Amino acid sequence: MTPEPVISLKNVTKVYVLPSDEVVALDDVSLDIQKGEFVAIMGPSGSGKSTLMNQIGCLDLPTSGALYIDGRNVRDLNDDELTELRRDKIGYIFQKFNLIPLLDLRENVEYPLILKHKKKDESGYPEKLLKMVGLEDKRFKHKPAEISGGQQQRVAVARALVNDPAILLCDEPTGNLDSKTSAQIMDMLTVLNREGRTIVMVTHEDDIAEYAQRKIVISDGRILSDNGRYLNDN
Ligand SMILES: Nc1ncnc2c1ncn2[C@@H]1O[C@H](COP(=O)(O)OP(=O)(O)O)[C@@H](O)[C@H]1O
Ligand SMILES: [Mg+2]
């Protein structure tokens, strides 16, 4: 028996309505991702990759079709349940690191814990994660603007891990980084995947996509190929 996919899209269409016209950013996309997969999403600029990530990340609802996370239709969740799902199940690592400029690095990593427990962390877990991603103690009190892009991305990885999410969503996680730092970030993602986390990663770089076991190419909001298998029914 095939286990239930951790992420499942059924005929997902996303239309952005603009004052002058409509953009079909995702066009009837169906896709199953199993627990523990490491999937790379590729495709030209404007093909719908980030829109797909926003759907999988439950940051936006489909215009039509359905998204299931762990078998639950996201549309059936109320606001509190959605907030919990995003906070506890999904870690987000995006190209622009989205760290909070006014918080120091430790506080940035602690922040999702505060949202969850409504109090300051006393476990030392944010510090442990920062060390794990290779940040030295003496940097913990620095602000994001005081460290390099590569270090900021490490902090973003630590922050994404603090609530121990089963799913990591990475949108061009190495997009702003030099090749050596990119390889280090990708090695970290590889380890996190081997530990059992499901990873969905957008990239336009072939060598970065090589880290994934499954490559999905999208074009004009549709899946063009899935691991080399062309979907020619559309
Ligand atoms: N918030 C938005 N409002 C209107 N159009 C959007 C929005 N976000 C994306 N789009 C459009 O949807 C299409 C897909 O965009 P996107 O998912 O960002 O592509 P990619 O990440 O592959 O570059 C593009 O035509 C883009 O202009
Ligand atoms: Mg994008």
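Summary table
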item: 2 or more residues under 20 Å from residue 41 (Cα atoms) and in contact with a strand residue (DSSP E or B) (Cβ under 7 Å, 6 or more places away or on another chain): qualifying helices (runs of 4 or more DSSP H) within segment 123-209; result: 149-161, 179-194
item: Residue within segment 161-177 that is hydrophobic (A, V, I, L, M, F, W, C) and touching a Pro at 6+ places or on another chain (Cβ under 9 Å) present; result: yes
item: Residue identified as on the phi < 0 side of the Ramachandran plot and surrounded by 21 or more Cβ atoms within 10 Å (Cβ to Cβ) among 155, 191; result: 155
item: Those residues of segment 126-148 which are within 18 Å of residue 201 (Cβ to Cβ) and either of a type outside the set (Val, Ile, Thr) or touching a Pro at 6+ places or on another chain (Cβ under 9 Å) (or both), in sequence order; result: none
item: Cβ-Cβ under 8 Å pairs, at least 6 apart or on other chains, segment 203-227 side among the hydrophobic types (A, V, I, L, M, F, W, C) and within 14 Å of ligand 1 (Cβ to nearest atom), far side open to solvent by 20 Å² or more (accessible area, probe 1.4 Å) and assigned to a loop (DSSP other than H, G, I, E, B); result: 216/227; 223/231; 224/231
item: Qualifying residue in segment 118-125 (condition: open to solvent by less than 60 Å² (accessible area, probe 1.4 Å) and under 21 Å from the mean Cα position of the chain (by Cα)); result: no
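The values are calculated or read from the model by the stated rules, or taken from the named source; none is laboratory data. Source: prediction; values computed, not measured. Methodologically, a virtual Cβ is constructed for each residue, glycine included, from the backbone with ideal geometry; neighbour enumeration extends over all protein chains shown. When the accessible area is computed, the model is the full protein with side chains, heavy atoms only, and any ligands, DNA or RNA have been set aside. Shrake-Rupley method; radii C 1.70, N 1.55, O 1.52, S 1.80 Å.
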